Amino acid sequence: MATELGRREFLRRAGTSAAVAGALLTGAARAVESATAAAAAVVPGKLPSRRLGRLGIDMPVLGFGSAPMGHALYEAAPFEAVVDAALDAGVRYVDTAPIYDVAEMRLAPVLARRRQDIFLVTKTWAKSRTAALQSLEASLRRLQVDSVDLCHIHNVGSYSRDEAVGPDGCLAGLREAKRRGWIRHIGCTGHSNVANFVPVLETGEIDLLMVAMNFVDAHTYPFQETVLPVARKHDCGIVCMKVYGGVINLWEGYRRAEPGRLAGDEFRQDAVDYALSIPGVSLAVIGMKSLDELRLTLAAVRGHTPVEGARRERLLAKGREMAAQWGPRYGPV
């Protein structure tokens with residue numbers, strides 16, 4: 001009897017375990033189906049392209065920014081799903097940086113499969129030639145590639161002149177990295193200290209400029225008046241970032257997967273249209289944290305119409321009101 005009861009208990013438990021396992025498998029299958037359906041909703045195909053300054057290549061006007069999803073608090077699978085869907089939809093420019101937590105490592109499996117589809121951009125925040133080379137070498141290891149298409153001096157507004165363009169500065173390190181074949185092009189990025197960009201661009205060695213520009217921050221940080229004319233003089237490619245204004249609280253916003261301040265239905269199309277209407281802008285890099293955000297951004301980019309005339313005046317007036325509330329949130333002007 002005891003043996004029979006033991007056998008029955010074993011069978012009951014085995015049956016329960018099988019049912020639980022089956023439920024888990026069914027749940028996993030449903031999750032895969034859901035992700036597949038969401039990815040299918042992202043329309044593939046070509047995006048409008050523009051010449052990327054003196055690089056002389058045509059580039060789709062939407063780039064993928066890896067910062068929002070590049071943190072360990074997000075799972076790896078959604079990251080790959082969004083990047084793959086973006087590439088399938090025509091995006092080529094993929095932006096990352098060492099400071100984006102695990103973003104470079106998360107990109108490595110995608111690069112192993114799709115390196116030929118990607119114009120790969122990373123950054124260095126190093127303040128010397130030696131440190132820049134060490135930083136870039138570490139990025140290549142994390143990305144598991146031999147070279148990147150472009151490396152930016154990251155947040156160049158925070159550099160002194162010597163740290164940026166001195167004989168032992170960051171630019172000297174990137175110049176050497178280019179000689180070694182680690183990078184093809186050199187760029188610089190930033191949000192603040194607008195005047196600091198001019199001497200860096202005037203070296204004539206910067207191929208690409210990426211700065212924060214939207215119809216709100218334009219009233220606080222005068223990149224369009226002070227920096228873009230110099231970039232255009234040197235035929236630099238110009239990339240717009242912070243198109244949606246970023247999240248309210250950077251790290252908490254990323255943790256809660258908040259969309260950018262201008263990413264809602266009220267301003268999304270205006271934000272994209274404004275960025276792509278700035279004279280000389282080749283593309284906009286936008287950080288998208290989900291397939292739905294990607295879908296909405298793709299629709300806005302494909303529906304782009306230039307911001308001009310009365311619409312421009314209304315949008316800038318609204319931006320001026322909002323700028324008074326946002327303030328100099330990136331740091332010194």
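The values are calculated or read from the model by the stated rules, or taken from the named source; none is laboratory data. Since this is a predicted model, take the numbers as computed values, not measurements. Quick reminder, even Gly has a Cβ in these numbers, built from the backbone with ideal geometry, and neighbours come from all protein chains shown.
Of note:
- Failed item, numbered, when Ala271 is tested on (1) modelled with pLDDT under 95; (2) in a helix (DSSP H, G or I): (1)
- Looking only at the range 268-298, and only at residues there that are among the β-branched types (Val, Ile, Thr) and either outside the structural domain of Cys236 (by TED's automatic domain parsing) or within 15 Å of the chain's Cα centre (by Cα) (or both), the one that is surrounded by the most Cβ atoms within 10 Å (Cβ to Cβ): Val272
- Extreme residue, farthest from Ala231 (Cα to Cα), among residues of the range 42-57 that are outside any strand (DSSP E or B), touching a strand residue (DSSP E or B) at 6+ places or on another chain (Cβ under 9 Å) and not small (Gly, Ala, Ser): Lys46
Residue-by-condition table, conditions (1) among the hydrophobic types (A, V, I, L, M, F, W, C); (2) crowded, with 17+ Cβ neighbours inside 10 Å; (3) more than 26 Å from Gly245 (Cβ to Cβ):
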position	(1), (2), (3)
Gly45	no, no, yes
Leu52	yes, yes, no
Ala67	yes, yes, no
Ala72	yes, no, no
Val91	yes, yes, no
Val94	yes, yes, no
Pro98	no, yes, no
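- Members of the range 271-323 that are small (Gly, Ala, Ser) and over 26 Å from Val91 (Cα atoms): Gly309, Ala310, Ala317, Gly319, Ala323
- Some residue of the range 293-300 being in contact with a Leu (Cβ under 8 Å, 6 or more places away or on another chain) and modelled with pLDDT of 95 or more: yes
- The residue pairs whose first member lies in the range 158-187 and is over 25 Å from Gly331 (Cβ atoms) and not assigned by TED's automatic domain parsing to the domain that holds Asp235, whose second member is aromatic (Phe, Trp, Tyr) and at pLDDT below 95, and whose beta carbons are closer than 9 Å, counting only pairs six or more residues apart or on different chains, do not exist in this structure.
- Number of positions in the range 80-105 that are in contact (Cβ under 8 Å) with a residue 60 or more places away in the chain and more than 13 Å from the chain's Cα centre (by Cα): 3
- Test: Val307 is touching a strand residue (DSSP E or B) at 6+ places or on another chain (Cβ under 6 Å) and buried (at least 17 other Cβ atoms within 10 Å of the Cβ): no
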